[in-house]
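Q: First, the structure itself, so that you have it in front of you.
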Amino acid sequence: MMQRIIDIYHRLAAHFGPLHGPQATSPWWPIVSDNPQLEMAIGAILVQQTRWETVEAAVMRMHGAGLLDLAALAEADAGQLAALIYPCALYRQKASSLIALARAIQARYGDLATMLSRPTVALRAELLQLPRIGPETADVILLYAGQHPLFVVDAYTRRIFSRVAPERLAWERASYAQVQQAIAGELPADPVLLADFHAQLNELAVRYCLVRPRCDGPPARRVYSRQPGRNSFLDRHDGCPLRAVCKWYQDEVGA
């Protein structure tokens, strides 16, 4: 019998605790400014091909320079912004992308909250026309900044499901839309749950489901974010919470 996707979510949430939403004691997405929607949109672009700890440091530098502000970001010098977000991958292109996003929001809507209140399908299509915003980045912005009920697909998602449920789909080769539908089709259209599920999968991939898996633990002790309490579960030594339902683990270990 195929493992229900909602059961996978519950196993992860039982292990890590709530990572996003009102139940989370240490929110998975650290916010340093009083403009969380813009900060999340910026982070969604910066994190492309870049570890979060590098992004977090870049966001802090932007905050110190007063650039977690829509008007200031729209008027920013691309070269100076690029220097602030270095060493994020493709930092020059990302600097131009951030400025273009800020200018588009100002010109079309005046503020980000108004833009994010647009219908999901229309707004997603609009975001995809902006530089350096593909489906994953658009969906991160829509889900986390705008609470649109979309499931975010990333490389971690593909890796985990290729091990847990290889019979369902060719996860590594399937299109973004195919993977998204295969997972979201079994989940409620609840933006809090979808956002927490994405956070749970990312945490699993960072701690246990690495390229070289650490199924039996202990978890990798990577400092993913420096916010207080963020890594409290690293003292656990009971192994990956999906071992009991992971086809890869069963085949490799004979469990």
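The values are calculated or read from the model by the stated rules, or taken from the named source; none is laboratory data. What you see is a predicted model, and the numbers here were worked out from it, not measured in a lab. Glycine also receives a Cβ, built like all others from the backbone with ideal geometry; neighbour counts cover every protein chain displayed. When the accessible area is computed, the model is the full protein with side chains, heavy atoms only, and any ligands, DNA or RNA have been set aside. Shrake-Rupley method; radii C 1.70, N 1.55, O 1.52, S 1.80 Å.
Q: When I45 is evaluated against the numbered criteria (1) over 25 Å from A220 (Cα atoms); (2) open to solvent by less than 20 Å² (accessible area, probe 1.4 Å); (3) over 15 Å from the mean Cα position of the chain (by Cα), which criterion, by number, is the only one it fails?
A: (3)
Q: Now, a different point. Going by the structure shown, is R92 over 19 Å from the mean Cα position of the chain (by Cα) and either in contact (Cβ under 8 Å) with a residue 40 or more places away in the chain or surrounded by fewer than 16 Cβ atoms within 10 Å (Cβ to Cβ) (or both)?
A: For R92, the condition - over 19 Å from the mean Cα position of the chain (by Cα) and either in contact (Cβ under 8 Å) with a residue 40 or more places away in the chain or surrounded by fewer than 16 Cβ atoms within 10 Å (Cβ to Cβ) (or both) - is met.
Q: Checking M115 against (1) open to solvent by less than 40 Å² (accessible area, probe 1.4 Å); (2) part of a loop (DSSP other than H, G, I, E, B), which single condition isn't satisfied?
A: For M115, the failing item is (2).
Q: Looking at Q200 and the list (1) open to solvent by 60 Å² or more (accessible area, probe 1.4 Å); (2) on the phi < 0 side of the Ramachandran plot, which single condition is not satisfied?
A: Of everything listed in (1) open to solvent by 60 Å² or more (accessible area, probe 1.4 Å); (2) on the phi < 0 side of the Ramachandran plot, Q200 misses just condition (1).
Q: Do you know which of the residues in segment 207-243 that are in contact (Cβ under 8 Å) with a residue 40 or more places away in the chain and assigned to a helix (DSSP H, G or I) is surrounded by the fewest Cβ atoms within 10 Å (Cβ to Cβ)?
A: Here the residue is S232.
Q: Right, another one. Quick test of your reading of the structure: V140 fulfils all but one of (1) touching a His at 6+ places or on another chain (Cβ under 9 Å); (2) open to solvent by 40 Å² or more (accessible area, probe 1.4 Å); (3) of a type outside the set (D, E, K, R). Name the failing condition by number.
A: In the conditions (1) touching a His at 6+ places or on another chain (Cβ under 9 Å); (2) open to solvent by 40 Å² or more (accessible area, probe 1.4 Å); (3) of a type outside the set (D, E, K, R), V140 misses (2) alone.
Q: Report yes if some residue within segment 87-108 is out of contact with any helix residue (DSSP H, G or I) (no Cβ under 8 Å at 6 or more places or on another chain) and closer than 21 Å to W29 by Cα; otherwise report no.
A: Yes, some residue in segment 87-108 is out of contact with any helix residue (DSSP H, G or I) (no Cβ under 8 Å at 6 or more places or on another chain) and closer than 21 Å to W29 by Cα.
The rows are residues; the columns are (1) assigned to a helix (DSSP H, G or I); (2) surrounded by fewer than 17 Cβ atoms within 10 Å (Cβ to Cβ); (3) among the acidic types (D, E).
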residue: L67; (1), (2), (3): no, no, no
residue: L84; (1), (2), (3): yes, no, no
residue: P87; (1), (2), (3): no, yes, no
residue: A102; (1), (2), (3): yes, no, no
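Q: Could I ask something else about it? Quick check on my filter: what residues within segment 139-188 are among the hydrophobic types (A, V, I, L, M, F, W, C) and not in a helix (DSSP H, G or I)?
A: Listed by number, the residues that qualify are L150, F151, V152, V153, A165, L169, A170, W171, A174, L187.
Q: In segment 143-172, what count of residues is obtained for those that are among the β-branched types (V, I, T), over 28 Å from Y91 (Cα atoms) and either within 19 Å of the chain's Cα centre (by Cα) or open to solvent by 10 Å² or more (accessible area, probe 1.4 Å) (or both)?
A: Number satisfying all stated conditions: 1.
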